[in-house]
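Here's the structure we're looking at; comments come further down.
Derivation of every value follows stated rules applied to the coordinates shown; laboratory data play no part. What you are looking at is a predicted structure, and each value in this text was computed from that prediction instead of being measured. Virtual Cβ from ideal backbone geometry, glycine too; neighbours counted across all protein chains shown.
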Amino acid sequence: MLCRIPMRILFVVLMGSLLLAACDTTGPEPEPEPLNVRLAADIEADPTSGRDPETGAPISNNLFTLYDLEAGEVVLSSSETDAAVRQQDSVSTVWDIGFRGTTIIFNGGTSGPGDAVAQLLAVPFADVTEAPADGYVADGENTCPAVQTPAGPVPGPPYAICTGSDNGWYNYNPQNNLVAPIPGRTIVLRSASGNYAKLRILSYYKGNPDPPDPTAPSRYYTFEYVLQPDGSRDLTTE
């Protein structure tokens, strides 16, 4: 003889099965999406228009180009000289990193209102798969070696990444006036909004000539970087 099961009992049994299926967490956790390496090419860094005939000093605007790593675009160019425009953009947290000549700044400390900090690692770019937990400094907090000038050594400005040949990211050869990135050095930073990134400078010359060509227009950065948008220190790439 067949038994009839009341509909309300069938409903309870069905709902219980669905709840058990929904609560089943025995499956593997989804793997995080690997990050992509981004390229920024020919970012101007206060290019010169000649040299002062009396002092020999380069003639330029003496201004920074400000760059947003998350958007992958220039926020404020060094060719923009309007004081009101520069004031509005430079005091914002939209930008992360700035370039003027061989000097690099970050949006934090004495350079901006953001939370950006950075450090330079003597580790190849591809080998940096996780941002360090500590060791970062903001602009204004660092202690940098003296910088050699025609007038003699002067105290190095306390930027997070020190200036001067062999003090930071580059080497300068006075014999051929060549600025070249030091191999195996990687900048690791926390952006103005708190996300970690790694960055390697590829060239200081327009067009990214290989090998570096000191006759090419200088003060144009080409660099590659990886940004982790979820706030973690994981910098694993494809």
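Points to keep in mind about this one:
- Here the Karplus curve 6.51 cos²θ - 1.76 cosθ + 1.60, taken at θ = phi - 60°, turns the phi angles of region 212-220 into couplings of x, 10, x, 7, 6, x, 9, 6, 10 Hz, with x standing for Gly and Pro.
- Among [x] 20.4; [y] 21.1; [z] 18.7, the entry derived from the coordinates for Kirkwood radius over Cα pairs in Å: [x]
- MRE, 222 nm, helices only [DSSP H, n ≥ 4, -39500 (n - 2.57), over the chain, to nearest 500]: -3000 deg cm²/dmol
- Residue of N208, N173, N62 that the Gaussian network model of the chain assigns the largest fluctuation, springs spanning Cα pairs under 10 Å: N173
- Contour excess over end-to-end distance, with Cα ends at E238 and A57 and 0.36 nm allotted per residue: 60.7 nm
- With Cα atoms, 0 to 90° folded angle of helix 7-22 axis to the chain main axis: 30 degrees
- Least to most buried among K198, K206 (fewest other Cβ within 10 Å first): K206, K198
- Overall, the anisotropy analysis places region 74-194 in the oblate class: the square-rooted eigenvalues a ≥ b ≥ c of its C-alpha gyration tensor yield a/c not less than 1.5, with a/b not exceeding b/c.
- Placed amide H near T237: partners under 5 Å, 5+ positions off or other chain: L35
- Cβ-derived FRET efficiency at R0 25 Å, A71 paired with N173, nearest 0.05: 0.10
- Region 106-147 shape via C-alpha gyration tensor axes, a/c threshold 1.5: oblate
- Taking the centroid of alpha carbons for each part, region 115-131 and region 58-112 are 22 Å apart.
- Rounded to the nearest 0.05, the FRET efficiency derived from the C-beta distance between Q88 and T143 at R0 = 30 Å is 0.40.
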